[in-house]
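Let me begin by presenting the structure, written as structure tokens, before commenting on it.
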Amino acid sequence: MTDDTHMDRLKTFAVCVAALAAGQCLAQDQMETLVNTAVRPVMQAQGIPGMAVAVTVNGTPHYFNYGVASKESAQPVTENTLFEIGSLSKTFTATLAAYAQASGKLSLSDKASQVWPALRGSAFDHISVLQLGTYTAGGLPLQFPTAADSADKMLGYFKQWQPTYAAGTHRLYSNPSLGLFGYLAAQSMGQPFDELMDNTLLPKLGLKHTYLNVPQAQMNLYAQGYNKDDKPVRVGPGALDSEAYGVKTSTSDLIGYVQANLQPSSLEKPLQQAIALTHTGYYRVGEMTQGLGWELYQYPVTLERLLAGNSSQMAMEAHKVQWLNPPQLQQENLLLNKTGSTGGFGAYALFVPSKDIGIVILANKNYPIAERVKIAHQILSALSQ
């Protein structure tokens with residue numbers, strides 16, 4: 001999408017916002033115009049079969065659905081359609097780990113091999129749980145090597161792995177790093193990760209339509225994903241897949257999860273503490289501050305800064321980190337966000353606690369992250385005026 005096209009869409013938004021201020025249209029109609037203007041051109045340009053968008057403003061969710069969950073069945077997308085959310089799953093994993101700490105089961109300062117004794121004698125004698133949860137273990141790669149990408153091979157991989165950097169000095173975005181973070185959280189709580197998610201975290205968050213493994217009775221709601229060649233694809237099994245990228249959910253549940261992050265006061269105390277911990281900033285890389293799962297920005301934030309923080313360079317390259325000492329507890333003006341992708345799906349969530357606004361965008365095609373960020377930033381810019 002060209003900068004001129006982006007400016008045209010922003011002008012359309014400005015006209016709509018002015019109309020709303022003048023009382024010339026209803027809020028729901030207004031929001032629908034805003035979202036349609038942001039979403040439809042991207043769907044068309046990227047060949048996306050189906051998208052589901054949810055926006056929460058002051059505790060009220062609004063749903064906007066487009067296209068089909070499957071090109072074969074032509075079943076329309078609804079707020080109950082299940083999408084793979086890829087690495088947006090990492091925020092759920094981080095919340096579980098933070099809950100383990102808030103419950104006294106885990107300390108983020110523990111070394112990994114203290115929590116999982118099978119790692120003793122490896123590099124993980126010197127790598128903390130927090131460093132795994134913030135991608136600073138020392139250079140764990142984006143993905144497991146193919147030969148190690150299964151549950152029975154991952155321990156052998158971790159035991160022989162050697163860091164490239166001193167622990168805590170560099171950020172390198174990594175599924176094995178965040179995946180092991182979640183695995184250690186489950187070890188500390190004495191149950192398998194999947195069981196803790198299904199029976200503890202998701203129910204405590206009030207989520208009834210979010211799954212690591214979609215039950216047979218819900219398969220008719222599971223969207224078909226499409227890859228860049230428009231071939232049907234769904235996520236397959238892999239080492240620490242549940243922890244790193246395994247969640248499937250709907251906009252109705254995901255916006256509920258965002259609302260819990262915006263207004264956690266109705267949740268039990270340890271879960272409130274856990275959410276606050278995931279919103280804590282640990283270090284900075286450029287304009288982005290790393291939380292647990294979530295990535296944080298000072299609000300308001302320009303589109304350019306948000307795009308830079310969600311760029312392929314940020315995901316693929318190592319960056320020296322500037323630790324915050326002490327960690328930056330929840331601040332008044334923050335924007336929190338996280339992207340997620342699998343072979344056939346693209347997801348994005350963003351929220352601003354001081355405005356009580358949140359946006360989730362789910363699609364059954366893996367399309368460029370920059371386009372997701374632009375959609376959300378445009379909607380947010382209009383709603384926050």
Strands (runs of 3 or more DSSP E) contained entirely in the range 193-307, each with at least 3 residues that are in contact (Cβ under 8 Å) with a residue 60 or more places away in the chain: 281-285
Residue tally, condition farther than 14 Å from Ser341 by Cα, among the aliphatic types (A, V, I, L, M) and open to solvent by 30 Å² or more (accessible area, probe 1.4 Å), over the range 359-385: 1
Filter result for Glu79 (acidic (Asp, Glu), buried (at least 24 other Cβ atoms within 10 Å of the Cβ) and either out of contact with any strand residue (DSSP E or B) (no Cβ under 8 Å at 6 or more places or on another chain) or within 17 Å of His209 (Cα to Cα) (or both)): no
Qualifying positions in the range 329-348 - among the aliphatic types (A, V, I, L, M) and either free of Cβ contacts under 8 Å to residues at least 24 places away in the same chain or touching a helix residue (DSSP H, G or I) at 6+ places or on another chain (Cβ under 6 Å) (or both): Ala347
Some residue of the range 301-318 being at pLDDT 95 or above, more than 30 Å from Thr169 (Cβ to Cβ), basic (Lys, Arg) and surrounded by fewer than 24 Cβ atoms within 10 Å (Cβ to Cβ): no
Some residue of the range 146-164 being open to solvent by less than 30 Å² (accessible area, probe 1.4 Å), under 21 Å from the mean Cα position of the chain (by Cα) and modelled with pLDDT of 95 or more: no
Tally, over the range 34-69, of residues that are buried (at least 17 other Cβ atoms within 10 Å of the Cβ) and of a type in the set (Gly, Ala, Ser): 6
Elements of type helices (runs of 4 or more DSSP H) contained in the range 103-164, each with 1 or more residues being β-branched (Val, Ile, Thr): 112-115, 129-133
When residues of the range 165-184 are limited to those that are of a type outside the set (Ser, Thr, Tyr) and in a helix (DSSP H, G or I), the one farthest from Ala118 (Cα to Cα): Asn175
Residue among Pro76, Pro163 that is out of contact with any Ser or Thr (no Cβ under 9 Å at 6 or more places or on another chain), over 30 Å from Ile359 (Cα atoms) and not polar (S, T, N, Q): Pro163
Matching residues, the range 319-334, being closer than 11 Å to Tyr283 by Cα, in contact with a strand residue (DSSP E or B) (Cβ under 8 Å, 6 or more places away or on another chain) and open to solvent by 30 Å² or more (accessible area, probe 1.4 Å): Lys320, Gln322, Trp323, Pro327, Gln328
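The values are calculated or read from the model by the stated rules, or taken from the named source; none is laboratory data. Note that the structure is a prediction, hence the values are computed from the model and not measured. For neighbour counting, all protein chains shown are included, and Cβ atoms are generated from backbone atoms with ideal geometry for every residue, glycine included. Calculation scope for accessible area: heavy atoms of the full protein, side chains included, ligands and nucleic acids excluded. Shrake-Rupley method; radii C 1.70, N 1.55, O 1.52, S 1.80 Å.
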